[in-house]
1. Only residues that are modelled with pLDDT of 95 or more and among the polar types (S, T, N, Q): list them for segment 172-203, please.
2. Name every residue in segment 153-183 that is touching a residue at least 60 places away in the same chain (Cβ under 8 Å) and outside any helix (DSSP H, G or I), in order of residue number.
3. Tell me the residue from Asp145, Asp137 that is under 29 Å from Asp85 (Cβ atoms) and of a type in the set (Asp, Glu), please.
4. Quick test for you: out of Lys143, Lys127, pick the one residue that is touching a Ser or Thr at 6+ places or on another chain (Cβ under 8 Å), among the basic types (Lys, Arg) and closer than 28 Å to Gly232 by Cα.
5. When you scan segment 184-232, how many residues do you find that are among the hydrophobic types (A, V, I, L, M, F, W, C) and assigned to a strand (DSSP E or B)?
6. Among Ile129, Ile104, Ile133, which is the only one that is β-branched (Val, Ile, Thr), outside any loop (DSSP other than H, G, I, E, B) and either touching a helix residue (DSSP H, G or I) at 6+ places or on another chain (Cβ under 6 Å) or assigned by TED's automatic domain parsing to the domain that holds Ser226 (or both)?
7. Identify all residues within segment 208-221 that are more than 14 Å from Glu97 (Cβ to Cβ) and either in contact with a helix residue (DSSP H, G or I) (Cβ under 6 Å, 6 or more places away or on another chain) or surrounded by 15 or more Cβ atoms within 10 Å (Cβ to Cβ) (or both); write none if there are none.
8. Among residues belonging to segment 199-232 that are in contact with a strand residue (DSSP E or B) (Cβ under 8 Å, 6 or more places away or on another chain) and among the small types (Gly, Ala, Ser), point out the one that is farthest from Gly16 (Cα to Cα).
Amino acid sequence: MIATNIFSAVVFDMDGVVINTRKPIEAFWHTIAAEHNLQITTEMMERQIHGCPARQTVSVLFPELSSKEKEELFERCEHFETTMDYRTMSGIKGFFEDLKKNAIPIALVTSSLPPKVANVIKQLQLKGIFDIIVTSDLVEKGKPDPACYLLAAKKLQLPPEQCIVFEDAVSGVKASTGAEMFTIGVGGVYQAPLLKEAGAKEVILNFDTVRVQPKGSHRYLTISPSLSVSLG
């Protein structure tokens, strides 16, 4: 299947899409929850942690804490996320190379703050990859609010419907589809139905087979055996 839209830019979430951080992030939040006698279910992890700004997660999961305690917990989370070792998602660097060779703009839209983004770019040698970057401090409301993706479209100087997004979290898919962007989910067997329910058109495990392929005078982005999109 080839989507009828013609896309002019590709937009990426960071955690779980550009970098493979699901397991360490989940381990961190399980540790925090145990300290507060809270059990985090898989659904809570998918809907209230992955893809959400840390400050937002702290407020939702620990409403009984004082403002000072919430701030201390937020700072602990930020320290963890900015000092961890990062690994790229399988196939993502090859995909970036394809997009760069074909002069397709690349955007990063993340619920993280600038220090973490800077560390990721430095550690994984991604300098110069992203044409624009939107971090959580640039919008008043985090994902699932679409503000971050609408800001990305504005910075790209493109209509939102000309952007194709890769997201791994329910909150992120809701944000990108809320901005009327064509969204592809990234996740495993458990995440796939949740991401599709949130609005993802397709769900892939990683980027090993996602490539830009010229066909005559056109360029197509092959996302899965059943889905290709046209790049303008």
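The values are calculated or read from the model by the stated rules, or taken from the named source; none is laboratory data. Keep in mind that this is a model prediction, so the values were computed, not measured. Neighbour counts run over all protein chains shown; Cβ positions are idealised from the backbone, glycine included.
1. Scanning segment 172-203 gives Ser176, Thr177, Thr183.
2. Listed by number, the residues that qualify are Leu158, Cys163, Ile164, Val165, Phe166, Glu167, Asp168, Ala169, Met181, Phe182.
3. On the way: Asp145 fails: under 29 Å from Asp85 (Cβ atoms).
Unique residue meeting the criteria: Asp137.
4. Numbers: Lys127 fails: touching a Ser or Thr at 6+ places or on another chain (Cβ under 8 Å).
Every option except Lys143 fails the conditions.
5. First, pick out the residues of segment 184-232 that are among the hydrophobic types (A, V, I, L, M, F, W, C): 184, 186, 189, 192, 194-195, 198, 200, 203-205, 207, 210, 212, 221, 223, 227, 229, 231.
Imposing the further condition that a residue be assigned to a strand (DSSP E or B) reduces the set to 184, 186, 203-204, 212, 221, 223, 227, 229, 231.
Qualifying residue count for the region: 10.
6. Working: Ile129 fails: outside any loop (DSSP other than H, G, I, E, B); Ile104 fails: outside any loop (DSSP other than H, G, I, E, B).
Just one listed residue meets the conditions, Ile133.
7. Let us first name the residues in segment 208-221 that are more than 14 Å from Glu97 (Cβ to Cβ), namely 209, 214-220.
Matches in segment 208-221: Arg219, Tyr220.
8. Gly232
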